[in-house]
Structure formats: structure tokens, C-alpha cells
Amino acid sequence: MQLSGVFGPEGEWPDQDLIALSLEFDAGLVEAAYRSGVFPMPLPESGWPDAMGWWSPLHRGILPLDDLRITRSLRKSAGRYEVTADRAFAEVIARCADPRRPSGWIDGRIVEVYTELHRHGLAHSVEAWTPSGDLAGGLYGVALGGLFAGESMFHDPALGRDASKVALLGLARVLDDGVEGRLLDVQWVTDPLESLGAVEVDRVDYLRLLSEALDLPAPDWSVLTAG
């Protein structure tokens with residue numbers, strides 16, 4: 001099944017990950033983009049610093065919920081943290097946007113728009129806390145029906161390198177609720193995500209999975225303590 005939206009039909013997209021540029025950027029356009037299989041990412045080094053890049057990778061990273069790899073050490077690490085949802089969205093996105101992070105790409109426009117999506121219940125954060133109440137790691141992304149599109153994750157190296165992975169396990173617990181067809185989109189497969197079981201699918205296959213996922217009911221975020 002082919003999706004079409006503000007970016008037109010997939011068959012007309014360029015044969016590359018970057019499919020469009022725009023000066024327009026707001027919450028409504030971002031929601032429409034995700035429903036079309038597209039996500040935004042700025043291009044600060046491209047010569048178009050004011051433009052927003054719109055991406056739909058030819059080889060899309062997804063994390064199959066039924067094939068999640070949890071090592072013994074990660075399972076042990078998970079017991080050291082309390083995992084919550086939406087307790088600290090602003091802090092999570094701020095930590096993900098820390099300009100000191102290598103290859104940082106989250107700018108003020110991204111923070112503003114995703115914070116608005118969070119206010120409307122379309123973006124969520126998952127946090128991993130130490131027993132003393134410090135935020136050790138977390139992630140955020142966009143949720144539409146049975147889709148969760150992960151945007152970024154972080155960990156505090158002083159508090160535990162596995163904290164972001166523990167937050168991801170918490171997200172998987174929310175999504176893996178017995179409803180077939182939920183889709184955990186991770187954009188591109190990195191080494192840490194591959195170690196957890198992330199795989200690549202062709203763009204056309206991703207769009208088919210997305211079409212099916214969007215028709216599903218939203219998961220129950222109260223599975224994680226919200227505060």
C-alpha cells in the first residue's frame with residue numbers, strides 16, 4: 001500500500017535518503033510527514049542553514065519487538081533504574097540537544113515543535129532514573145497509532161552507559177502489548193541499535209508496515225509510571 005501526503009507519492013521521491021527541503025516547519029507539517037513515512041532533520045552544514053531537510057531513508061532502521069536482544073548484563077543494568085514515561089520530556093529533549101554531543105543536530109526549531117507535539121500527546125519521552133532520583137538516560141519520539149518513531153536518546157556517562165538502552169527497553173514494554181503490527185522506527189541502524197536487534201528494511205517495505213501501523217490503536221503509556 002502506498003502512502004501519499006504533503007510530499008507526494010513515494011514513487012516520485014528522489015532515489016536517496018533526503019527527499020525534500022522546506023523553509024516551512026511546524027507541528028502540523030511534522031505530523032503529516034510522519035504519517036507519510038518522512039521525518040525532519042536540519043542541514044546546518046549544507047549551505048542551507050534556514051532550510052529543514054526531510055528524510056525517508058532508502059534503507060530504514062526498525063527494531064522488531066519480537067526479536068529484541070537483551071543481554072544478561074543489560075537485564076542486570078535494567079534493575080538499577082526506575083523507568084518512566086513523560087515525566088521529564090523537556091529535560092530529555094534538552095539533554096539530547098546538548099551541543100557538546102558529537103554530531104548534534106537538534107536545534108531550537110526541533111525543540112519547539114516537538115515540545116508542541118508533546119503537549120498534544122503526539123510525542124513522548126521515556127526516562128531512566130537512578131535510585132537517588134537523577135536522570136541517567138532517556139529517549140523521545142513521535143507516537144501515531146501503532147507507530148513510535150524514535151528521534152534521539154542520551155545517557156549520562158557518569159551515571160551509567162546502559163541507561164539509554166534501559167529506557168529503550170521500557171519503550172518496548174509499552175509497545176509490546178500483544179497488538180500485532182506495532183512499528184518501532186529508529187531511522188538508521190547504528191551499532192548500539194544493531195546490538196539490540198535493529199534491522200534495515202527497504203523504503204517500500206517500511207511504508208507498507210507504516211500504513212498498517214497507523215491504523216492500530218495507541219498503546220497504553222500508563223504501563224510506565226508517569227509520575
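For region 123-128, what does the Karplus curve 6.51 cos²θ - 1.76 cosθ + 1.60, with θ = phi - 60°, yield as ³J(HN,Hα) per residue in whole Hz, taken in order and with x for Gly and Pro?
Per-residue couplings from phi come out as 10, 9, 10, 10, 10, 10 Hz.
What residues have an amide H closer than 5 Å to that of G137, excluding those fewer than 5 places away on the same chain, when H is modeled at 1.01 Å from N in the peptide plane?
HN-HN under 5 Å from G137: A128, D156.
Can you compute the FRET efficiency between E91 and D50 using 1/(1 + (r/R0)^6), with r the Cβ-Cβ distance and R0 = 30 Å? Round to the nearest 0.05.
That pair, E91 with D50, gives E of 0.60.
Could you compute the net charge surrounding V223? Neighbours are other residues with a C-beta less than 9 Å from the C-beta of V223; K and R count +1, D and E count -1.
So the surrounding residues net to -1.
Looking at region 118-227, which GluC sites (Glu not before Pro) are in a loop (DSSP not H, G, I, E or B) and have at most 16 other Cβ atoms within 10 Å?
E180
Using modelled backbone amide H atoms (1.01 Å from N, in-plane), which distant-in-sequence or interchain residues come within less than 5 Å of R182's amide H?
For R182, whose amide H was placed from the backbone, there are no distant partners under 5 Å.
What full-extension length gain, to one decimal in nm, is calculated for L43 and E112 as 0.36 nm per residue of separation minus the Cα-Cα distance?
The L43-E112 span can extend by a further 23.1 nm.
Using a 1.4 Å probe, what is the accessible area per residue for the chain, in Å²?
Accessible surface, normalised per residue, equals 48 Å².
For A32, what charge total do you get from the other residues with a beta carbon under 12 Å from its beta carbon, if Lys and Arg give +1 and Asp and Glu give -1?
-2
Using a basic spin-label model with each label point 7 Å from the Cα along Cα→Cβ, how many nm lie between H120 and Q16?
3.0
Accessible area of region 181-227 with a 1.4 Å probe: how many percent of it is carbon plus sulfur?
So the carbon and sulfur contribution to the accessible surface is 52 percent.
Please compute the volume of the convex hull spanned by the alpha-carbon atoms of region 80-227 and report it per residue in Å³. Display every interim value, and only then the final one.
Values: hull volume 17.6 nm³, N = 148.
For region 80-227, the hull spanned by Cα atoms encloses 119 Å³ per residue.
Enter the Cα centre distance for the pair region 66-140 and region 194-211, rounded to the nearest angstrom.
Their Cα centres are 22 Å away from one another.
Amide H of W55: which non-local residues (sequence gap of 5 or more, or other chain) have their own amide H closer than 5 Å, using H built in the peptide plane?
Long-range HN contacts for W55: I19, F39, M41.
Given a 1.4 angstrom probe, I'd like the percentage of the accessible area of region 23-122 that is carbon and sulfur, rounded to a whole number. Intermediate values should be presented prior to the final figure.
Values: 2740 of 5310 Å².
Roughly 52 percent of what the probe reaches on region 23-122 is carbon or sulfur.
Tabulate in residue order the Karplus-calculated ³J(HN,Hα) for region 160-172, using 6.51 cos²θ - 1.76 cosθ + 1.60 with θ = phi - 60°, rounded to whole Hz; enter x for Gly and Pro.
Once rounded to whole Hz, the list reads x, 6, 8, 4, 5, 5, 5, 4, 5, 5, x, 4, 4.
The values are calculated or read from the model by the stated rules, or taken from the named source; none is laboratory data. Computed from a prediction, not measured in an experiment: that's the story for all the values here. In this analysis, Cβ positions are derived from the backbone assuming ideal geometry, glycine residues included, and neighbour counts consider all displayed protein chains. Areas reflect the complete protein model, heavy atoms only, side chains present, ligands, DNA and RNA absent. Shrake-Rupley method; radii C 1.70, N 1.55, O 1.52, S 1.80 Å.
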